[in-house]
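Student: Okay, handing you the structure first.
The values are calculated or read from the model by the stated rules, or taken from the named source; none is laboratory data. It should be emphasised that the depicted structure is a prediction, and the values quoted were computed from it without experimental measurement. Here the Cβ is made from the backbone with ideal geometry for all residues, glycine too, and neighbour counts use every protein chain on show. Quick note on the areas: whole protein, heavy atoms, side chains included, nothing else; ligands and nucleic acids left out. Shrake-Rupley method; radii C 1.70, N 1.55, O 1.52, S 1.80 Å.
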Amino acid sequence: MTIYDASQFGTLSGPSFLTQFAYRPDMIPGASGPRSWILRIFASTTSRSVAGLSTTFAENLGTDNTLVFDGTVNLTTGNLPGPGNTRQFDYVFPFTTPFLYDPAGGNLVLDLQVEGNGSALTFDTVLEPNPAIGRVFSFGSSTASTGEIRESHVTQLTFEPPPLVTIRASQVEVCWNSISNLTYQVQYRSDLTTNLWTSLVDCIRSTNSTSCIADPIVVGQSQRFYRVLLTNCVP
């Protein structure tokens, strides 16, 4: 289980979807796999601080704890060079369920329950204590309830902005109870603080007990208020 301090996500403009993360191999090329992980990944937002990380796993979880992956990941590395003397982030863990994370709500927790087999791997790590990241680790059981504070994996987290959803109506339909063969006028105004009304159409003669008229909505058009008048106009 790893906790990431919210201060590390200053580049996010707001709540964003975490879609995957990646580790990188140790700075000194070594064991490269392949290794198979049967893996369950949970993500949550927690009020627990990095410095206050508990060795009891459940005490670090947030109320929005979400299963974001349940399956098998096959890991291997090409030990390809990255910036400086680092390696590339090529141990990749994609989510099947993106996690919506808001740094304003707390710190990020990733909880990995792993059963592995295959060749050995190396990971680039950050020594404890570190104000930005902390990890609790237990060896021997993927469902252990407690662990010990250990060095943390250097992690690359991938975020996507949430979709921008807009709803647009193409027209407003104004309907009213009417009397057959009488005439009506529909008027509108954009501001209720004035008494200036504009006629939508000159005149409407009703043909039954309900009359309707459509007013197309133009993109960027301000709001409109409507009223219906009984008149003696001539269509």
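Student: At what distance in nm do the modelled label points of ASN181 and ASP202 sit from each other, each positioned 7 Å from its Cα along Cα→Cβ?
Tutor: Modelled inter-label distance: 2.3 nm.
Student: In what sequence, largest accessible area first, do VAL109, VAL219, VAL154 appear using a 1.4 Å probe?
Tutor: VAL219, VAL154, VAL109
Student: Taking every pair of distinct Cα atoms and averaging 1/r, then inverting, what Kirkwood hydrodynamic radius in Å comes out for segment 104-218?
Tutor: Its Kirkwood hydrodynamic radius stands at 22.1 Å.
Student: In debye, nearest 20, what is the charge dipole magnitude of the chain about its Cα centre with +1 on Lys and Arg Cβ and -1 on Asp and Glu Cβ, if you could check?
Tutor: My answer is approximately 660 debye.
Student: Search the structure for amide H atoms under 5 Å from the amide H of LEU100, placed 1.01 Å from N in the peptide plane, and list their residues when 5 or more places away or on another chain.
Tutor: LEU18
Student: With every protein chain in place, what's the accessible area of ARG205 (1.4 Å probe, Å², nearest 10)?
Tutor: 110
Student: Pull out the extension gain between LEU229 and THR194, defined as 0.36 nm times the separation in residues minus the alpha carbon to alpha carbon distance; nm, one decimal.
Tutor: Values: separation 35, 0.36 × 35 = 12.60 nm, distance 1.78 nm.
Length difference between fully extended and current span is 10.8 nm.
Student: Moving on. Ordering TYR188, TYR23 by how much accessible area each has at a 1.4 Å probe, largest first, what is the list?
Tutor: Greatest to least solvent exposure: TYR188, TYR23.
Student: Next up: Given a Förster distance of 41 Å, report the FRET efficiency between THR143 and VAL165 from their Cβ-Cβ distance, rounded to the nearest 0.05.
Tutor: The value I calculate is 0.60.
Student: Further question on the same structure: Keeping all protein chains in place, calculate the accessible area per residue for the chain (probe 1.4 angstrom), answer in Å².
Tutor: Details: 13240 Å² over 235 residues.
So the chain comes to 56 Å² accessible per residue, rounded to a whole number.
Student: Further question on the same structure: Is segment 66-141 best put as rounded, prolate or oblate by its Cα gyration tensor, with a ≥ b ≥ c the root eigenvalues, rounded for a/c under 1.5, and otherwise prolate when a/b is larger than b/c, oblate when not? Let's see the in-between values first.
Tutor: Values: a/c = 1.44, a/b = 1.16, b/c = 1.24.
Judged from the Cα gyration tensor, segment 66-141 comes out rounded (a/c under 1.5).
Student: Moving on. State the percentage of accessible surface on the chain attributable to carbon and sulfur atoms; use a 1.4 Å probe and exclude ligands, DNA and RNA.
Tutor: On the chain, the fraction of accessible area on carbon and sulfur atoms equals 54 percent.
Student: Taking 0.36 nm per residue of sequence separation and subtracting the Cα-Cα distance, how much length would be gained by fully extending the chain between MET27 and CYS212, in nm to one decimal?
Tutor: Net length gain for the segment: 59.3 nm.
Student: Taking the chain as a Gaussian network, Cα atoms linked when under 10 Å apart, which of ILE133, ILE217, ILE38 shows the biggest mean-square fluctuation?
Tutor: Comparing ILE133, ILE217, ILE38 in the GNM, the peak value goes to ILE217.
Student: In a Gaussian network model over the chain where Cα atoms closer than 10 Å are linked, find which of VAL114, VAL174, VAL126 has the largest mean-square fluctuation.
Tutor: In this elastic network of the chain, the residue with the biggest mean-square fluctuation among VAL114, VAL174, VAL126 is VAL174.
Student: May I ask for the distance between the Cα centers of segment 1-27 and segment 111-130, given as a whole number of Å?
Tutor: 16
Student: Please identify, among SER32, SER16, SER211, the residue showing maximal mean-square fluctuation in a Gaussian network model of the chain using a 10 angstrom Cα cutoff.
Tutor: Largest GNM mean-square fluctuation: SER211.
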